[in-house]
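See structure below.
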Amino acid sequence: MKVAIIGTGYVGLTTGVTLAFLGHDVTCLDVDAAKIAQLNQGISPIYEPHLDELMAASRSRLNFTTSAKDALSQAEVIFIAVGTPSLADGNPNLAYLKSAAQSVGEHIQSPYVVIVNKSTVPIGSGNWVESLVRDAFRAKNENSKSQFVVASNPEFLREGSALMDMLFADRVVVGSDDEKAVSVMRKLYQPLIEQTFTPPSFLPRPENFKMVNFLSSDLQSAELIKYAANAFLALKISFINEISELSEKVGADITHVAKGIGLDSRIGNKFLQAGLGWGGSCFGKDTAALISTGKEYGLPMVITQAAKEVNTRQRIRMVEILASELKILKGRKIGILGLAFKPFTDDLRDAPALDVAQKLIDRGAKVVGFDPIAMSRAKKEWADSEIQFADSAEAVFEEADAVVLVTEWPEFLDLDFSKLSKDMRNALMLDGRNHLDVAVLKKAGMKVITLGRSS
Ligand code: UDX
């Protein structure tokens, strides 16, 4: 099928590359000419494991352009995957979505076009996009005989494992009130649903993985599924973090508690990793949007609100723990291991590292950070902060009064802690992700503080 993707961010690019890999003719459209030039050279503008390789494997069916006409006029399915960043009031900024919808209306020519909202949009946006497309279609594209329908197809990709999440998804959700649109989307995803494709060697099919669930619903339900899924995951993390604080107080070990409750198949063992809490582009934005939608309807979303508060508290707690250990934060050197909001990505959006660093800087500490992948982005995006950047993980320890592990990169496990503890002014390690081996650190002569375990 002929597919167009508007927006080459995480969601758009991953979707486009995967659909091309599955055999569709895909054109990705973006207003950013530099990004399109880079993509045309086969270079991904984002760090996502194996994306470059999958792009190379799908190159013959993949085009990148800044021309809306080239991308949209022949397309049978058009994905809108533009950014919807949060505004100050928690509502998403829909300016990019609006201009994408108008552009679609101006350029579609195929007899039947499914316009798919892939961006996380407020509930009811499907109808809004449909009216924007219709107005633009009538005003500028009057000779076109196209029929079009708007559908919702939320994404559930995690950065860092986006391609695996897409190829071997738990489910594909399509929301539309039009049966034909649902069958077009089913056909589009057929190779994925039935797992008839041969996976590339670098993205092997998980053992016993047979089929992807396909769920069709009305438009609003699909839109709400996205928010409810992200809010539920966020609150699962906040729940374990709340229990983790209690766990410290009563002398329990949160890793055992998480294992013990996670073995109950009704609860499940995922997203129960206690630590500094969630960051990234989705959970903060989507929980804020859910709360704001609730407010619009006079409904206080108390559980979602509480999940947010617990998450904010985790970042504050880190600083409180340091203050209680070091007594004085002014003039202290605090090292931060890991800057990206989670491992295997260079994404810094709502990264706990910046929040923790800024709170420490505000209290007079000097903060030196390092990340295996996100350094160049951090230097650019955090240029206004006073955070300093080390050249290596080891350099973070030099003369430090404490080091905080914020992001659980696997390479941090291989550090020579015996040597590093001697480089520190005060050998104190705060493991914000329960990632390191406490016994190894203690043997290296460090004092170790973990979250949720009385170490
Ligand atoms: C998330 C959703 O998982 C995905 O389905 C959605 O489409 C986009 O948002 P992402 O933000 O890429 O994906 O990362 P995810 O792996 O979900 O982690 C989010 C945050 O939660 C990270 O900061 C991570 O460190 C934290 N986290 C995750 C925990 O603190 N504990 C856990 O047990 C799991």
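The values are calculated or read from the model by the stated rules, or taken from the named source; none is laboratory data. Computed from a predicted structure; not experimentally measured. Note: ideal-geometry Cβ built from the backbone for every residue, glycine included; neighbour counts use all protein chains shown. Side chains are part of the model used for accessible areas, which takes the heavy atoms of the whole protein and leaves out ligands, DNA and RNA. Shrake-Rupley method; radii C 1.70, N 1.55, O 1.52, S 1.80 Å.
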Checklist entry - Considering only region 88-114, how many residues are surrounded by fewer than 18 Cβ atoms within 10 Å (Cβ to Cβ), within 14 Å of Val3 (Cα to Cα) and of a type in the set (Ser, Thr, Tyr)? => result 1
Checklist entry - With respect to Gly452, is the statement that it is touching a residue at least 24 places away in the same chain (Cβ under 8 Å), closer than 16 Å to Leu276 by Cα and small (Gly, Ala, Ser) true? => result yes
Next on the checklist: Residues that are near the ligand (Cβ under 8 Å from one of its atoms), acidic (Asp, Glu) and touching a residue at least 60 places away in the same chain (Cβ under 8 Å): does region 244-265 have at least one?
Outcome noted: no
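Answer yes or no: is there a residue in region 443-454 that is within 16 Å of the ligand (Cβ to nearest atom), basic (Lys, Arg) and either outside any loop (DSSP other than H, G, I, E, B) or at pLDDT 95 or above (or both). Give the derivation first.
From region 443-454, those within 16 Å of the ligand (Cβ to nearest atom) are 450-453; that's our starting set.
Those left that are additionally basic (Lys, Arg): 453.
The next check asks that each one be either outside any loop (DSSP other than H, G, I, E, B) or at pLDDT 95 or above (or both); those that pass are 453.
Looking through region 443-454, at least one residue is within 16 Å of the ligand (Cβ to nearest atom), basic (Lys, Arg) and either outside any loop (DSSP other than H, G, I, E, B) or at pLDDT 95 or above (or both).
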Next on the checklist: Filter region 240-265 down to the residues that are open to solvent by 100 Å² or more (accessible area, probe 1.4 Å) and under 25 Å from the mean Cα position of the chain (by Cα) and list them by number.
Outcome noted: Glu242, Lys259
Checklist outcome for this item: Sole miss for Glu155 among (1) surrounded by 17 or more Cβ atoms within 10 Å (Cβ to Cβ); (2) at pLDDT 95 or above; (3) in a loop (DSSP other than H, G, I, E, B) is condition (2)
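Can you tell me which residue among Arg315, Arg332 is within 16 Å of the ligand (Cβ to nearest atom) and modelled with pLDDT of 95 or more?
Working: Arg332 fails: within 16 Å of the ligand (Cβ to nearest atom).
Among Arg315, Arg332, only Arg315 is within 16 Å of the ligand (Cβ to nearest atom) and modelled with pLDDT of 95 or more.
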Checklist entry - Within region 365-378, can one find any residue that is part of a helix (DSSP H, G or I), touching a residue at least 40 places away in the same chain (Cβ under 8 Å) and over 19 Å from Gln273 (Cβ atoms)? => result no
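Being part of a loop (DSSP other than H, G, I, E, B), buried (at least 20 other Cβ atoms within 10 Å of the Cβ) and either outside the structural domain of Cys282 (by TED's automatic domain parsing) or of a type in the set (Gly, Ala, Ser) (or both) is the requirement here; does Val121 meet it?
Working: part of a loop (DSSP other than H, G, I, E, B): yes; buried (at least 20 other Cβ atoms within 10 Å of the Cβ): yes; either outside the structural domain of Cys282 (by TED's automatic domain parsing) or of a type in the set (Gly, Ala, Ser) (or both): yes.
Considered against the rule, which asks whether it is part of a loop (DSSP other than H, G, I, E, B), buried (at least 20 other Cβ atoms within 10 Å of the Cβ) and either outside the structural domain of Cys282 (by TED's automatic domain parsing) or of a type in the set (Gly, Ala, Ser) (or both), Val121 comes out as yes.
Identify the residue in region 387-407 that is within 18 Å of Arg315 (Cα to Cα) and in a loop (DSSP other than H, G, I, E, B) and, among all such residues, is nearest to the ligand (Cβ to nearest atom). Show your work before the answer.
Within region 387-407, the first condition is being within 18 Å of Arg315 (Cα to Cα), and the residues that meet it are 387, 402-407.
In the following step, the residues that additionally are in a loop (DSSP other than H, G, I, E, B) were identified as 387, 406-407.
Numbers: Ile387: 18, Val406: 9, Thr407: 7 Å.
This residue is Thr407.
Within region 418-442, track down each residue that is of a type in the set (S, T, N, Q) and open to solvent by 40 Å² or more (accessible area, probe 1.4 Å). Outline the logic, then answer.
If we filter region 418-442 for residues that are of a type in the set (S, T, N, Q), which is where we start, we get 418, 421, 426, 434.
Correct list: Ser418, Asn426.
Answer yes if at least one residue in region 200-216 is hydroxyl-bearing (Ser, Thr, Tyr) and open to solvent by less than 30 Å² (accessible area, probe 1.4 Å), and no otherwise. Give the derivation first.
Here is the first cut: in region 200-216, the ones hydroxyl-bearing (Ser, Thr, Tyr) are 201, 216.
From the residues that got through so far, the ones that are open to solvent by less than 30 Å² (accessible area, probe 1.4 Å) too are none.
The answer is no; no qualifying residue exists.
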Checklist outcome for this item: Flagged in region 32-52 as at pLDDT 95 or above and surrounded by 17 or more Cβ atoms within 10 Å (Cβ to Cβ), in numbering order, are Lys35, Ile36, Leu39, His50, Leu51
Checklist entry - How about region 443-455: which of its residues are out of contact with any strand residue (DSSP E or B) (no Cβ under 6 Å at 6 or more places or on another chain) and either basic (Lys, Arg) or open to solvent by less than 30 Å² (accessible area, probe 1.4 Å) (or both)? => result Lys443, Ala444, Leu451, Gly452
Checklist entry - Can Gly338 be described as in contact (Cβ under 8 Å) with a residue 12 or more places away in the chain, at positive phi and touching an Asp or Glu at 6+ places or on another chain (Cβ under 7 Å)? => result yes
Checklist entry - Which condition breaks for Gln195 when tested against (1) under 30 Å from Phe21 (Cα atoms); (2) open to solvent by 30 Å² or more (accessible area, probe 1.4 Å)? => result (2)
Checklist entry - Which condition does Ala274 not pass, out of (1) within 13 Å of the ligand (Cβ to nearest atom); (2) assigned to a helix (DSSP H, G or I), if it passes all the others? => result (2)
Checklist outcome for this item: Taking region 410-437 and keeping only residues that are closer than 9 Å to Thr450 by Cβ and among the small types (Gly, Ala, Ser), one is left with Gly432
Item to check | Options Leu163, Leu132, Leu167; residue that is open to solvent by less than 40 Å² (accessible area, probe 1.4 Å), over 15 Å from Leu224 (Cα atoms), more than 16 Å from the ligand (Cβ to nearest atom) and at pLDDT 95 or above | outcome: Leu132
Checklist entry - What number of residues in region 172-189 are surrounded by fewer than 17 Cβ atoms within 10 Å (Cβ to Cβ) and either polar (S, T, N, Q) or within 20 Å of Val17 (Cβ to Cβ) (or both)? => result 2
Checklist entry - How many residues are open to solvent by less than 60 Å² (accessible area, probe 1.4 Å) and not in a helix (DSSP H, G or I) if we restrict to region 282-337? => result 8
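Can you tell which of Asp362, Asp371, Asp391 is in the same structural domain as Met424 (by TED's automatic domain parsing), of a type in the set (Asp, Glu), crowded, with 24+ Cβ neighbours inside 10 Å and at pLDDT 95 or above? Full working, then the answer.
Numbers: Asp362 fails: crowded, with 24+ Cβ neighbours inside 10 Å; Asp391 fails: crowded, with 24+ Cβ neighbours inside 10 Å.
Exactly one of Asp362, Asp371, Asp391 is in the same structural domain as Met424 (by TED's automatic domain parsing), of a type in the set (Asp, Glu), crowded, with 24+ Cβ neighbours inside 10 Å and at pLDDT 95 or above, namely Asp371.
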